[in-house]
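These notes concern the structure reproduced below.
The values are calculated or read from the model by the stated rules, or taken from the named source; none is laboratory data. As the structure is a computational prediction, the values presented were derived from the model and not from experiment. Glycine gets a Cβ as well: all are built from the backbone with ideal geometry, and neighbour counts include every protein chain shown. We work out accessible area using only protein heavy atoms, side chains counted, and drop any ligands, DNA or RNA first. Shrake-Rupley method; radii C 1.70, N 1.55, O 1.52, S 1.80 Å.
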Amino acid sequence: MLKLISKLPINTKSIQRMIKYSKSGNFIQLKPKLYKQSVHFEKNTVLAGDKLIPTILEGSFIIPKNVTVTFQNITFSPTARMYIEGDAVLTNCRVIGGKTDVLIIVDGGKIKATHCEFKKARDIGISLINNSKAIIENCTFEENGKTHILAESSQICMENSELSKAKHALLIKNQSLLQTKNVHIHHHTDTQVVIEDAKYFDHESTIERGEGMGLQVLQKGHVSLQATNFKYNASAQIAGQNSFLIIRNSTIQHGKDAGISLLGHCEAQLSYCEISQHKNASIEVFKQSNLNIEYSLIDGSDKQGLNIRQKSIVNLYDVIVKGHRGSQIFVIDKSICSMKKCIIKEGYHVGICIEDESSCAVVESEICNNANSAVTVFKSEFSIFKSILNANAGNGILAMTDSSIEVDQCKFFENEMPHIACKSNVKIHLEESELFKGKSLFIVNECELTAVNSQFYDSHNVQVEICDLSTARFENCQIYNGGSYGMKVLQNSNCYLLNSSIFRHELSQVVVNDSSVILKDSEVFAGSRHAFYIQNHSEVLIQDTFISKHAQHQIWIDFESTVDLKGVQLTDGSLSDIYAQNQSSVYVADSMIRNNNARYNVQAVNFSKIEIGNSVVENKYGDVYYSENHSLIKQLDY
């Protein structure tokens with residue numbers, strides 16, 4: 001009989017009656033048992049249950065405007081519903097649904113929950129609407145169906161709490177405000193936190209192990225994260241669209257998709273962050289989004305470090321990007337990227353890739369130890385200043401197809417392929433730079449090069465190669481100490497050198513084949529073979545230049561080529577200074593050709609012609625000219 005009586009419903013008016021006959025604000029201590037009743041609170045009340053034995057309320061609880069109700073040590077279950085237009089304070093309470101769609105609805109009211117548990121609602125744990133307010137501290141939310149907390153036009157402050165095992169943890173919409181600190185959000189089946197046309201400020205929380213996104217920000221959402229930790233989410237850990245994000249001192253790691261995805265018309269600022277170890281790109285910036293990154297590390301994803309597309313803009317300052325298996329920075333679709341004091345290193349592919357009318361500027365940075373080229377440019381613009389590109393397995397810069405390149409005060413060294421390679425209508429301006437310990441320049445297929453005040457040296461390969469209808473201009477440059485040729489100009493190309501020096505190469509210092517070269521106010525000296533090796537219908541003008549100390553003929557002209565020498569000094573050659581053969585022509589004026597190491601200063605063979613006017617030609621042997629086989633050497637009097 002006692003068991004049967006204990007299971008019968010308690011008088012539904014008992015709590016209501018106690019409230020009715022109590023004074024406003026009175027403390028009502030409930031006995032530890034089950035109360036099946038609904039209560040409409042008409043005055044300020046404190047309801048307290050036993051601290052040790054459960055006090056269970058089941059029913060509907062309505063708190064109207066201007067009424068404050070405090071619940072202590074109460075369990076609400078399983079059909080309990082609470083509707084709050086006034087103020088509710090829950091301390092050490094358990095709100096457990098099971099048969100309830102929404103555990104608590106706050107409509108223009110306020111709820112404060114401390115050391116409480118909210119779980120097993122069919123849809124929503126707490127719903128806040130119409131400028132409601134919630135303060136949640138040291139609470140647990142678990143297994144609520146759609147979302148633990150839904151806020152529309154409301155405010156939430158949450159600290160030291162845990163949310164898990166729902167579809168969403170937090171849905172914050174319609175100009176709501178969410179502030180969290182040290183909150184643990186994990187194991188949700190969809191996006192864990194959704195901010196839509198709302199504000200979200202977090203400090204020191206963790207959002208991890210969700211089956212969807214970690215955080216999604218939509219429709220003019222505003223998010224500020226400080227020391228927030230994201231990890232192991234199945235989709236993008238942070239995604240934004242048409243929103244604004246500030247992320248500081250945060251870690252975003254071990255995602256199964258991207259670290260950060262700015263999907264369109266989004267603006268974000270990152271500082272002192274680490275974004276690492278993702279299956280997709282570390283950071284994606286799409287559809288006219290803007291991103292600024294400072295003092296951060298972007299590390300080790302399976303695809304790109306930064307994927308920048310569709311007219312987006314990204315600025316980096318003092319950022320390290322390393323260890324990505326795709327391009328470390330990929331800029332495409334008319335996008336813009338700039339970086340200063342950055343390090344792009346140890347990638348498994350290209351350091352920086354710029355394509356399709358995009359633009360990239362690099363200042364005071366280092367691009368090194370990548371398994372492909374440091375930089376590739378395709379139909380785009382690239383500028384680099386005061387930077388270092390070294391130890392890459394490909395080129396320092398590979399530029400292709402209608403690209404424009406500017407290099408100023410940079411150093412290139414120990415790249416396995418040419419430091420700068422240009423192909424197909426590329427324009428490149430190189431100034432006050434050093435290229436050494438590797439092939440310096442390879443310019444091919446209608447490209448235009450201008451090099452000013454630069455040095456090219458210590459290569460085991462050809463230091464400078466200009467090919468296939470390309471043009472080059474060198475002014476105040478030095479090309480020296482090469483283990484092969486100094487410069488090759490090939491296949492109907494043109495090269496102009498002014499006030500430059502070429503010296504100490506193991507093979508011919510300048511090779512000209514089916515091309516034209518103009519050399520003025522320069523010097524070519526101390527070569528192990530020829531100063532110039534000119535052949536195959538080439539045309540060369542050498543003016544006001546000093547050429548000396550070569551181990552073989554200083555100027556070799558072959559196969560119907562033409563050379564003009566004006567105001568040139570050729571001295572101290574080991575063999576002849578000029579050797580023309582196979583229908584070649586040489587014209588010398590106002591020059592000095594002096595050689596005490598070989599008997600003949602000037603030689604013409606096989607239908608070749610040399611004309612010398614107003615010049616000095618001499619050696620200690622006395623015989624300065626030699627011709628044979630229908631060749632002619634003529635000294636003209638002016």
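Taking 35 Å as R0, compute the FRET efficiency from the Cβ-Cβ separation of residue 546 and residue 402 and round it to 0.05. Before the final figure, lay out the partial values.
Working: r = 39 Å, r/R0 = 1.12.
Calculated value: 0.35.
Please compute the modelled spin-label separation between residue 630 and residue 28, points set 7 Å along Cα→Cβ, answer in nm with one decimal.
Using points 7 Å along Cα→Cβ, the separation is 12.7 nm.
Starting from the exponent 0.38 and prefactor 2.2 Å, build the expected Rg for segment 440-567 from its residue count and divide its actual Cα Rg by it.
Working: Rg = 12.7 Å, N = 128, 2.2 N^0.38 = 13.9 Å.
That ratio works out to 0.91.
When N counts the residues of the chain, how does its alpha-carbon radius of gyration compare numerically with 2.2 N^0.38 Å, as a ratio?
For the chain, the normalised Cα radius of gyration comes out at 1.56.
Counting only residues 5 or more places away or on other chains, whose amide H sits under 5 Å from the amide H of residue 609 once H atoms are built in the peptide plane?
Here 584, 585, 586, 632 satisfy the definition.
Counting alpha carbon pairs within less than 8 Å and at least 6 residues apart, what relative contact order, in whole percent, applies to the chain? Mind dumping the intermediate values first?
On the way: 2439 pairs, mean separation 22.2, N = 638.
With pairs under 8 Å counted, the relative contact order is 3 percent.
Just report the Cα centroid separation between segment 534-613 and segment 94-141, whole Å.
Computed from Cα coordinates, the inter-centre distance equals 95 Å.
So which chymotrypsin sites (Phe, Trp or Tyr not before Pro) in segment 16-101 pass both tests, a DSSP loop state and at most 12 other Cβ atoms within 10 Å of the Cβ? List each step's numbers first, then the result.
On the way: sites: 21, 27, 35, 41, 61, 71, 76, 83; in loops: 21, 41.
Here the chymotrypsin sites (Phe, Trp or Tyr not before Pro) that fit, given the DSSP loop and packing criteria, are 21.
Can you list residues whose amide H is under 5 Å from residue 447's amide H, if they're 5+ apart or on another chain and H is modeled 1.01 Å from N?
424, 425, 426, 470, 471
Just the accessible area per residue of segment 216-259, please: how many Å² with a 1.4 Å probe? Each step should come with its number before you reach the end.
On the way: 1490 Å² over 44 residues.
Roughly 34 Å² per residue, with all protein chains present.
Rg to Rh ratio, segment 486-536, alpha-carbon atoms and Kirkwood radius?
Values: Rg = 10.4 Å, Rh = 10.9 Å.
Result for segment 486-536 is an Rg/Rh of 0.95.
Return an integer: the convex hull volume of the alpha-carbon atoms of segment 90-241, in Å³ per residue. Each step should come with its number before you reach the end.
Numbers: hull volume 11.6 nm³, N = 152.
Output value, Cα hull per residue: 76 Å³.
Quick one: which of 342-354, 295-307 comes out on top by average Cβ neighbours within 10 Å, and what's the full order, highest first?
On the way: 342-354: 24.8, 295-307: 23.2.
My ranking of the peptides, most packed first, is 342-354, 295-307.
In whole Hz and in residue order, list the ³J(HN,Hα) couplings for segment 74-80 that follow from phi through the Karplus curve 6.51 cos²θ - 1.76 cosθ + 1.60, θ = phi - 60°; x for Gly and Pro.
Per-residue couplings from phi come out as 10, 10, 9, 6, x, 10, 5 Hz.
Which of the trypsin sites (Lys or Arg not before Pro) found in segment 359-447 are loop residues per DSSP with 14 or fewer other Cβ atoms within 10 Å of their Cβ?
Values: sites: 379, 386, 411, 423, 427, 437, 439; in loops: 379, 386, 437, 439.
The qualifying sites: there are none.
Based on alpha-carbon centroids, what's the gap between segment 245-274 and segment 190-210 in Å, whole number please?
12 Å
Cα atoms only, segment 304-414: Rg and Dmax in Å?
Reported Rg and Dmax, both Å: 12.0, 34.
Just how large is the dipole of the chain about the Cα centre, in debye to the nearest 20, putting +1 at every Lys and Arg Cβ and -1 at every Asp and Glu Cβ? If you can, show how the numbers build up before the last one.
Details: 62 positive and 69 negative charges, 1093 e Å.
For the chain, the charge dipole is close to 5240 debye.
Take the alpha carbon gyration tensor of segment 55-157, find the square roots of its eigenvalues, order them as a ≥ b ≥ c, and report rounded if a/c is under 1.5; if not, report prolate when a/b exceeds b/c, else oblate.
On the way: a/c = 1.36, a/b = 1.16, b/c = 1.17.
Judged from the Cα gyration tensor, segment 55-157 comes out rounded (a/c under 1.5).
Note the full-extension length gain between residue 429 and residue 21 as 0.36 nm times their separation in residues minus their Cα-Cα distance, in nm to one decimal.
Working: separation 408, 0.36 × 408 = 146.88 nm, distance 9.11 nm.
In short, 137.8 nm is gained.
Once neighbouring chains are kept in place and the probe is 1.4 Å, which whole percent of the accessible area of the chain is contributed by carbon and sulfur? Walk me through the numbers on the way to the answer.
On the way: 11390 of 25640 Å².
Percent of accessible area from carbon and sulfur atoms in the chain: 44.
Please find the FRET efficiency linking residue 38 to residue 201, where r is the Cβ-Cβ separation and R0 is fixed at 51 Å, and quote it to the nearest 0.05. Working shown, then result.
Numbers: r = 37 Å, r/R0 = 0.73.
That pair, residue 38 with residue 201, gives E of 0.85.
For residue 606 paired with residue 138, estimate the spin-label separation in nm (one decimal), with each label point 7 Å from Cα along the Cα-to-Cβ line.
9.9 nm
Using a 7 Å offset from the Cα along the Cα-to-Cβ direction at both residue 51 and residue 265, what is the distance between the two label points in nm, to one decimal?
5.6 nm
Check each of the chymotrypsin sites (Phe, Trp or Tyr not before Pro) in segment 572-615 and keep only those in coil by DSSP with at most 16 other C-beta atoms within 10 angstrom; list them in order. Provide the component values of the computation, followed by the final result.
Values: sites: 579, 587, 600, 607; in loops: 600, 607.
Counting only loop positions with at most 16 other Cβ atoms within 10 Å, the chymotrypsin sites (Phe, Trp or Tyr not before Pro) in segment 572-615 are 607.
Could you work out the relative contact order of segment 464-528? I mean the mean sequence separation of Cα pairs under 8 Å and 6+ apart, divided by the number of residues, in percent.
34 percent
Whole-Hz Karplus ³J(HN,Hα) for segment 525-531, in order, using 6.51 cos²θ - 1.76 cosθ + 1.60 and θ = phi - 60°, x for Gly and Pro?
Per residue, the Karplus-derived 3J(HN,Hα) values read 8, 6, x, 7, 9, 7, 6 Hz.
Between residue 583 and residue 521, how high is the FRET efficiency from 1/(1 + (r/R0)^6) when r is the Cβ-Cβ distance and R₀ = 35 Å? Nearest 0.05. If you can, show how the numbers build up before the last one.
Numbers: r = 30 Å, r/R0 = 0.86.
Using R0 = 35 Å, I get an efficiency of 0.70.
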